[in-house]
Structure formats: structure tokens, C-alpha cells
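The values are calculated or read from the model by the stated rules, or taken from the named source; none is laboratory data. Quick caveat: nothing in here was measured; it's all calculated off a predicted structure. Here Cβ is always computed from backbone atoms with ideal geometry, including for glycine, and neighbour counts include all displayed protein chains.
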Amino acid sequence: MEEPGPRPGRLRTDRPPKLTGHARAVAADVRRLATALPKSDGRSALAEVVLREADGRLSVPLKGTACCVQNRARLVRALYTRLDRLTEPAPAAP
């Protein structure tokens, strides 16, 4: 008798699309905040790097594997890290 739950190496198929949608929403917030910063603020340049990487990673088709879910979760974490940095006060100039 097969045990209930996902097969080894596979996860519930609803998780990757949810993480993808979440990543797209956070990326939109990062993009909105980054474009509102002055060009001289280095945080916008770093946000653009993260957003380019996010766009590339989100363009990869979903596979529903544990690795796929982990990669999407890491992307969401990276986007939230960048979002947090954009919402912090600008560092004081030396």
C-alpha cells in the first residue's frame, strides 16, 4: 500500500504556482519602490540586478519538484530582502 502524500521528489502541485504569483507581486513592489528612488541612490541599481535575476528565474517553466519549489522560495526571500532594503532609510553619506 502506498503512503499518502506526495511521491518522493515531488510536491503538491499548487505550491510552485503560488510561490510564482507571490514572487511576481513582491517583484512589482520592488520595481515600484526602486523607480521612485533618485538615480544617485545605489539601492535602485541593486534592485535592478535582483529584478533581472527574478525575471530570468520566473521565465523558467515550473516542474513541481522539490528543487523547483526551493528555487521559487529562495527567489521570494531574495525579493523580500531587497524590498526591506528599499524601505529602510537611505544610508547617511560619509
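For the reader, a short list of remarks on this structure follows.
- When segment 9-43 is filtered for residues that are over 17 Å from the mean Cα position of the chain (by Cα), at pLDDT 90 or above and more than 21 Å from Thr87 (Cβ to Cβ), nothing remains.
- Total residues in segment 66-91, condition within 13 Å of His22 (Cα to Cα) and β-branched (Val, Ile, Thr): 2
- Of all residues making up segment 46-73, the number that are in a helix (DSSP H, G or I) and surrounded by 13 or more Cβ atoms within 10 Å (Cβ to Cβ): 15
- Any hit, segment 84-94, residues being loosely packed, with under 15 Cβ neighbours inside 10 Å, part of a helix (DSSP H, G or I) and within 11 Å of the chain's Cα centre (by Cα): no
- Filter result (part of a helix (DSSP H, G or I) and surrounded by fewer than 12 Cβ atoms within 10 Å (Cβ to Cβ)) within segment 33-44: Thr35, Ala36, Gly42
- Every condition in (1) within 17 Å of the chain's Cα centre (by Cα); (2) under 16 Å from Lys18 (Cβ atoms); (3) in contact (Cβ under 8 Å) with a residue 24 or more places away in the chain is met by Leu46 except one, and the failing one is (2).
- Check on Leu46, within 21 Å of Pro89 (Cα to Cα) and of a type in the set (A, V, I, L, M, F, W, C): yes
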